[in-house]
1. Quick one: is residue A:158 modelled with pLDDT under 75 and surrounded by 13 or more Cβ atoms within 10 Å (Cβ to Cβ)?
2. Among A:88, A:70, which is the only one that is within 13 Å of chain B (Cβ to nearest Cβ) and hydroxyl-bearing (Ser, Thr, Tyr)?
3. Among (1) within 20 Å of residue A:597 (Cβ to Cβ); (2) crowded, with 18+ Cβ neighbours inside 10 Å; (3) out of contact with any Lys or Arg (no Cβ under 7 Å at 6 or more places or on another chain), there is one condition residue A:470 misses while meeting the rest; what is its number?
4. From the list A:637, A:659, A:653, which one is over 42 Å from the mean Cα position of the chain (by Cα) and exposed (fewer than 15 other Cβ atoms within 10 Å of the Cβ)?
5. In the stretch A:81-98, what residues are crowded, with 22+ Cβ neighbours inside 10 Å and of a type in the set (Val, Ile, Thr)?
6. Just the residues that are within 13 Å of residue B:105 (Cα to Cα) and either among the acidic types (Asp, Glu) or facing chain A (nearest Cβ under 9 Å) (or both), please, taken from the stretch B:16-34.
7. Do you know which residues across the stretch B:93-112 are touching an Asp or Glu at 6+ places or on another chain (Cβ under 9 Å) and either of a type in the set (D, E, K, R) or at the interface with another protein chain (Cβ under 8 Å from one of its Cβ atoms) (or both)?
8. Being within 11 Å of another protein chain (Cβ to nearest Cβ) and touching a residue at least 24 places away in the same chain (Cβ under 8 Å) is the filter here, so list the residues in the stretch A:42-55 that pass it.
Amino acid sequence: MSDYFDPKNEELLKDFFAEAEAQIGVLEQNLLVLDNDPNNKDAVDELFRAAHTLKGGSATVQMDEISKFTHLIEDVLEEVRSANKKITEQVIDSLLSAVDVLKDMVDKRAHGEVFEEDIKHLTTVLENLIAVPQNQPKKSHVERKVQKTVDSTESKEEGGLTEYELLEFQQNSSPDENIYKIQVEFDENNPMNTVGGIQVYAILKNLGKILKTIPEFELLYADNFFPEITYYIATKETPTAIRDQCKITDVTTDVSVYTIKGQIQGTEQGTSVKKSIQAEIEAADHDLEERDFKKVPHKLVGSVLRVDSKRIDTLLNLVSEIVIMKSAVNQINLQFGSHYLEFQNIQAQFQERIKELFDRLPDYMEEIQKGTSLKAIKKNILTEFGDLLSMHGHFDSLYKDSLAKFRGTAQSLGRITSSLQEGVMQIRMVPISHIFSRFPRLVRDLSKSLKKKINLIIEGEQTELDKSIIEDLLDPLIHCVRNSIDHGIEEPKEREKLGKEKEGTIVLRASNEGNMVVIEIEDDGIGIDVGAIRKKAIDTGLIHPDKSLSDIEAYNLIFKPGFSTAKRVTDVSGRGVGLDVVKQQIEKMNGDVSIWSSFNQGTKFTIRIPLTLAIVQGLLVRVGKEIYAIPITSVFETLRITGKDIKRIDNYEVFNLREDVISLIRLNKIFNIPVDETREYNYVVVVGSGEKKVGLFVDVLIGEEDVVIKPLKDRFTKSPGIAGATILGDGTVSLILDVNELLNLGLEMEIDERKKREGIIS
Amino acid sequence: MKTKMDFPNINQRKPEGLREDGKPFRVLIVDDSMFVTKQIGQILTSEGFEIAGTASNGEEGLEKYKELYPKVDLVTMDITMPVMDGVTSLEKIVEFDKNANIIMISALGKQDLVKKSLLLGAKNYIVKPLDRKKVLERVMMTLK
């Protein structure tokens with residue numbers, strides 16, 4: 001196969017990387033399975049298969065370092081599989097580190113580089129694992145040979161050949177050659193069961209001339225398995241010799257030789273070798289049915305479909321509906337066109353008639369002067385020009401019809417578009433198991449290096465999330481899990497003292513909650529010591545010693561940069577970098593993270609993120625001439641306030657919202673937009689995340705709409721407080737506000753102003 | 001006597017690797033993986049075969065074969081190798097000696113190349129992972 005692929009083919013490479021990643025995942029998972037259950041044969045097979053596929057794949061794309069290294073891994077696995085090597089922890093450990101190296105290699109390649117680190121140490125370890133093959137007694141491979149003689153009538157059969165073919169064969173063979181029909185049955189269990197047909201072909205080719213095969217040679221040469229193949233051969237060899245040559249253990253199960261044209265009427269032909277009684281029964285069954293070889297199913301290897309085909313079908317349905325809709329719109333378009341023509345027509349007539357009416361007016365005047373009563377003249381005008389009133393009636397009804405049709409179509413178009421949008425989003429959805437699957441390994445390694453016993457429970461791994469989010473979610477999750485292992489779960493001895501089970505538990509749970517996905521990381525460890533946090537916060541000056549601190553507030557303090565109460569710094573965590581990054585990253589995805597803890601009972605991180613990033617619901621507001629979109633998830637409420645409601649504390653504006661005092665941010669000040677500030681009342685959008693709330697001062701609330709986020713790619717245009725841009729229905733560009741940044745911005749401005757003021761005072 | 005421990009019944013039968021006249025069959029192993037080479041070597045020497053030489057790629061294999069000829073009875077040839085692959089090497093060796101006994105060693109999934117080799121004159125093939133019994137079986141089938 002490798003000969004036919006261009007190793008630089010991008011499609012191929014893409015496939016390779018996707019597959020390599022999957023295979024490495026399989027390797028890792030099954031190694032972990034073996035770690036728990038060293039006798040799991042399936043896992044070993046699975047490992048072997050994955051290593052093999054990876055090796056083949058990497059060789060195909062000419063990534064030799066990967067294929068070589070996988071080859072080595074395969075050799076080790078071979079030892080494991082043939083049970084020459086007991087599966088010890090050491091074996092698993094070295095294989096796991098080998099998998100890590102593989103990951104790096106593939107990763108490097110994916111970035112267009114080649115892995116060049118020194119892995120001598122690891123390769124030697126692996127090589128040492130490949131012990132001298134021990135010659136243990138192999139399972140006796142009993143072959144039951146059943147001899148059978150075939151009726152002489154059978155040996156003369158013409159084997160389904162047409163007369164013409166028979167004639168042709170005879171012409172093709174010299175007089176001293178015999179023509180034989182050789183029926184060979186093949187062992188499907190042979191790992192390379194598709195080769196047998198050609199192997200026998202090659203053997204027979206050496207014995208004489210092959211006249212015909214059923215199925216045809218091309219089919220044999222393609223990657224197909226046929227349980228039975230018939231060869232017609234012209235040769236001087238005896239049937240016994242042919243039969244013996246075709247007997248290949250593990251490849252052929254039965255060989256029957258029939259003479260079609262021959263000098264020697266063979267008494268011995270037709271003897272057959274049976275691998276097992278069962279095979280014979282099967283063969284008998286086979287004889288009963290005429291099989292169409294072309295119908296033998298042929299396994300397609302490696303067809304990977306990563307999107308549920310149902311989802312594609314749904315899209316296709318929607319697209320076909322849109323196509324129908326398009327023709328409806330076309331029709332309406334035509335109708336409106338013809339209506340316009342009609343209208344012009346009527347209008348022309350109308351003008352004509354009006355003109356006539358004007359022309360007639362002097363006549364009417366004259367008649368009045370002559371003494372005709374007004375009533376009679378009115379009557380005259382009505383009879384003459386009455387049609388003027390009803391002239392537009394027909395057009396009116398036509399137009400109304402079309403308008404109704406148009407409205408209906410627009411509505412269904414809207415419906416379909418939103419289904420289509422949903423459908424396309426669905427395609428981007430991947431189960432969270434993609435990243436959850438990395439945690440067993442992580443937990444194992446960490447708990448080992450920290451000498452803790454930890455049981456990881458994963459729940460809801462089928463929960464789906466947008467692909468782009470899933471990728472960004474991994475790091476925050478790893479941070480949280482690390483935190484739980486390092487600071488949460490106590491050492492086994494300590495746990496025993498506390499009356500807990502020696503083995504700590506960490507639960508990784510994902511679930512849906514409306515438009516959000518909730519991920520929880522829960523441990524049953526020591527929990528968060530509020531006292532310690534408070535002390536640390538006071539020490540570092542984060543809070544004033546007099547400030548009372550609620551538990552929730554205390555928990556949230558650990559998300560502050562540089563905050564760690566860990567008594568010691570390990571290589572895992574505790575350096576105070578981490579949880580603040582978690583918060584930042586999650587908030588970047590429009591999500592939020594919260595923490596709950598109970599001393600000595602455990603800690604729970606709850607991460608909430610929107611299902612998808614690309615489209616958000618936004619509240620459109622106007623400030624001056626600019627339109628901004630505020631992600632609806634961070635909007636608490638909107639209200640209208642008058643100038644009287646705004647109070648000033650320390651020179652910055654606040655207003656009362658029920659019992660809260662909320663500071664106001666004037667967007668026009670932040671973004672330097674000229675607005676008319678004399679208006680009587682203003683709208684305020686209360687936004688915030690978590691405990692922080694702030695009111696945004698805007699001119700007009702426009703409404704709610706789905707907005708498609710387009711990133712602001714040019715980094716020079718990156719302005720704080722803006723998350724991206726979107727294009728509105730009428731084509732204008734609107735900026736999307738980044739509420740979190742805005743909160744910080746407001747805070748900074750406050751601080752700046754205060755400093756300025758204090759500077760002036762002092 | 002050393003091998004007796006590994007093969008309890010080795011004394012009860014003639015080792016497979018000896019010819020009628022008692023001299024060993026001579027084997028050339030061509031494989032880029034030292035593990036496979038080692039493995040095949042161990043399987044065959046334990047049965048009395050003589051390893052006439054090893055080569056780590058197809059070109060080297062071809063040269064070794066010419067050098068050893070006619071003092072070589074069997075070649076095991078890996079399919080995927082650097083410099084010159086096994087199929088080309090096989091083709092060249094058969095060109096040189098059309099009676100050469102060559103057994104292809106193939107990884108799973110290389111069916112097409114195995115087929116090609118068989119049609120080009122390989123006498124047999126062995127699928128990796130190598131199994132002692134299978135190796136001997138195929139080797140003996142070829143030498144018969």
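1. yes
2. Going through A:88, A:70 in turn, just one is within 13 Å of chain B (Cβ to nearest Cβ) and hydroxyl-bearing (Ser, Thr, Tyr): A:70.
3. (1)
4. When all the criteria are applied, what remains is A:659.
5. Listed by number, the list holds a single entry, A:91.
6. Those that are within 13 Å of residue B:105 (Cα to Cα) and either among the acidic types (Asp, Glu) or facing chain A (nearest Cβ under 9 Å) (or both): B:31, B:32, B:33.
7. Result: B:106, B:107, B:111, B:112.
8. Answer for the stretch A:42-55, where residues must be within 11 Å of another protein chain (Cβ to nearest Cβ) and touching a residue at least 24 places away in the same chain (Cβ under 8 Å): A:48, A:51, A:53.
The values are calculated or read from the model by the stated rules, or taken from the named source; none is laboratory data. Just so we're clear, the structure is a prediction, and the values are computed from it rather than from any experiment. Backbone-built Cβ (ideal geometry, glycine too); neighbour counts: all protein chains shown.
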